[in-house]
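Written below as structure tokens is the structure these notes are about.
The values are calculated or read from the model by the stated rules, or taken from the named source; none is laboratory data. Here the structure is a predicted model, which means the values were calculated and not measured. A quick note on method: Cβ atoms are made from the backbone with ideal geometry, for glycine too, and the neighbour counts reach across all protein chains shown. Surface areas here come from the heavy atoms of the whole protein model, side chains and all, with no ligands, DNA or RNA. Shrake-Rupley method; radii C 1.70, N 1.55, O 1.52, S 1.80 Å.
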Amino acid sequence: MKVLLFTLPCLVASFSATRSPLFVTRTAPHKFSSTSLDAATNGANGDASKKKVIVLGGDGFCGWPTSLYLSDQGHDIVIVDNLSRRNIDTELGCDSLTPIKSPEVRVQAWKEATGKDIKFVNLDVAKDYDLLVQLIKEEQPDSIVHFAEQRAAPYSMKNSKAKRYTVDNNVGGSNNLCCAVIDADLDVHIVHLGTMGVYGYGTSGGEIPEGYIDVKLPGGRDANILHPAYPGSVYHATKCLDAILWQFYQKNDNLRITDLHQGIVWGTNTPQTVLDERLINRFDYDGDYGTVLNRFLMQGAMGVPLTVYGTGGQTRGFIHVTDTARCIEIAINNPPQSGERVEIFNQIAETRKVRDVAKMVADQTGVDVNMLPNPRQEAAENELDVSNRKFCSLGLEPVTLDERLFDEVTEVVKKYQHRCDPAKILPASFWNKKRAAECADLDPSSVEIKTKESA
């Protein structure tokens, strides 16, 4: 195998309310116009040969654009999804702001737009074990990308039903995947989308390393161990349990596994999803599934005061949805060898305090900022110092928060604002009874969208 090595500068730093980002980064253009990303990311560092890739959860917010990107790069893609996220839309009574088509229509549109085939299989990874094994045997994939998990922390705290479903689906699905690869008797590289939340926020006492941390054991012995878990929700707890499963199956069965600890994803479209209206990505704006920056951008575009929880002093890692797809391909191209420990990357572009992000959006849109009682059980303020050296050394030039790119999201929101239910904007899930009591005065019916006519 021919290995290409490139090193690009990438600085890593912590950020506070008064600091500006120190990453060496690339700013994305206002709009996308090409069918492929620039040549710098084509054949990202490592084995750039085209691969058969099964994408579990390929119908979702991150899975769909990643599947299109990998197909656009020439990989042979099979999407597996049980459409559970669409079913949760029905449960919550809140659709994607963007009108997403059925998987069958989506893959047909991709075929018409690019001439490339993507196969779709409706399968529940957590329940349809025999079908999963059969699929892996039939498709003989080089890599399996695992997005097939309930992804929202607020939803995972909504009630006992949601908590139990999140654990059963996420942990059961991950365990099934490992068992299925073993039973299929294939050397398949598993790439799992995890979360920065496995580390906790500001609990390391310094820079958060990429997965493993140097410690001194009793007797003065030095060791490099898996970073201690510090989850902040049932969702985050399932990702911590995933991490333990990866460690076991790598040690016991020599599975090749890469775990990506991703920050909060923002953005909507990619160069692939804009090729046809039927390819548009989902956009969640509600209190359960809307990621914080996308929620702010939606609220700003609609004239709704921004909903900042608590003091807004929570520092979080952010990554644009286009970089999610790029990082997945870099991980696919750089698998650990058989017998090597689980590879772990921190998949973020930068860190910012929530209130600083809110100020950026408020300054651009002119809306007010509302400081709401925090529905989450978390520290009011935290710093976050994170290493992302691995991806940067492998060629990633991350997209950072930029007002020009905000415009792309804002345009999407304005186009589909008639699909928004303002009663779904405020938080609807609470971490415990105390938090629910503190938020009891929030009135979902009080949220009003300011249209051009009412402004």
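Mind putting a number on the dipole of the range 320-453 about its Cα centre? Charges go on the C-beta only, +1 for Lys and Arg and -1 for Asp and Glu, and I need it in Debye to the nearest 20.
Values: 19 positive and 24 negative charges, 71 e Å.
About 340 debye.
Given the DSSP H assignment, sum -39500 (n - 2.57) over each helix run of at least 4 residues in the chain and divide by its residue total; what's the result at 222 nm in deg cm²/dmol, nearest 500? Display every interim value, and only then the final one.
On the way: 13 runs with 150 residues, N = 455.
Calculated mean residue ellipticity at 222 nm is -10000 deg cm²/dmol.
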At the level of C-alpha centres, the distance separating the range 190-251 and the range 130-167, in angstrom, is 20
Share of accessible surface on carbon and sulfur in the chain, whole %, 1.4 Å probe and ligands ignored, is 51
The lysines whose Cα lies under 19 Å from the Cα of residue 433, excluding any fewer than 8 residues away in the same chain, are 158, 161, 163
Restricted to the chain, the DSSP antiparallel beta bridge percent, nearest 5, is 25
Here the gain from full extension of residue 183 to residue 102, 0.36 nm per residue of separation minus their alpha-carbon distance, amounts to 26.0 nm
Highest mean packing first, using Cβ neighbours within 10 angstrom, the peptides 212-220, 256-264 sort as 256-264, 212-220
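With r defined as the distance between the Cβ atoms of residue 116 and residue 440 and R0 fixed at 51 Å, what FRET efficiency is calculated, to the nearest 0.05? Can you show the working numbers first?
Numbers: r = 51 Å, r/R0 = 1.01.
Efficiency for this residue pair is about 0.50.
Which pairs break 31 Å Cα to Cα here: 51/251; 52/415; 51/101; 359/414; 50/101? Don't skip to the answer; put the middle values down first.
On the way: 51/251 25 Å; 52/415 36 Å; 51/101 27 Å; 359/414 20 Å; 50/101 28 Å.
Exceeds cut-off: 52/415.
Order these peptides, 323-330, 376-383, by their mean beta-carbon neighbour count within 10 angstrom, highest first.
Details: 323-330: 26.5, 376-383: 15.4.
The densest-packed peptide leads the list: 323-330, 376-383.
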Distance in nm between residue 418 and residue 221 label points, each 7 Å along Cα→Cβ, equals 6.8
One checks the Cα atoms of the range 47-181 and finds Rg and Dmax, in Å, of 15.2, 45
XL table 119/424; 424/450; 127/239; Cα-Cα > 22 Å flagged, in table order, is 119/424
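Express the relative contact order of the chain as a whole percentage, based on alpha carbon pairs under 8 Å and six or more residues apart in sequence. Let's see the in-between values first.
Numbers: 932 pairs, mean separation 107.9, N = 455.
This gives 24 percent for the chain.
Rounded to the nearest whole Å², what accessible area per residue is found for the range 202-336 with the 1.4 Å probe? Numbers along the way, then the final one.
Working: 3910 Å² over 135 residues.
With all protein chains present, the range 202-336 gives 29 Å² per residue.
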In terms of the charge dipole of the range 134-254, which places +1 on Lys and Arg and -1 on Asp and Glu at the beta carbon, the residue among 156, 225, 177 farthest towards the positive end is 156
Against the 2.2 N^0.38 Å rule of thumb, the C-alpha Rg of the range 145-257 sits at a ratio of 1.17
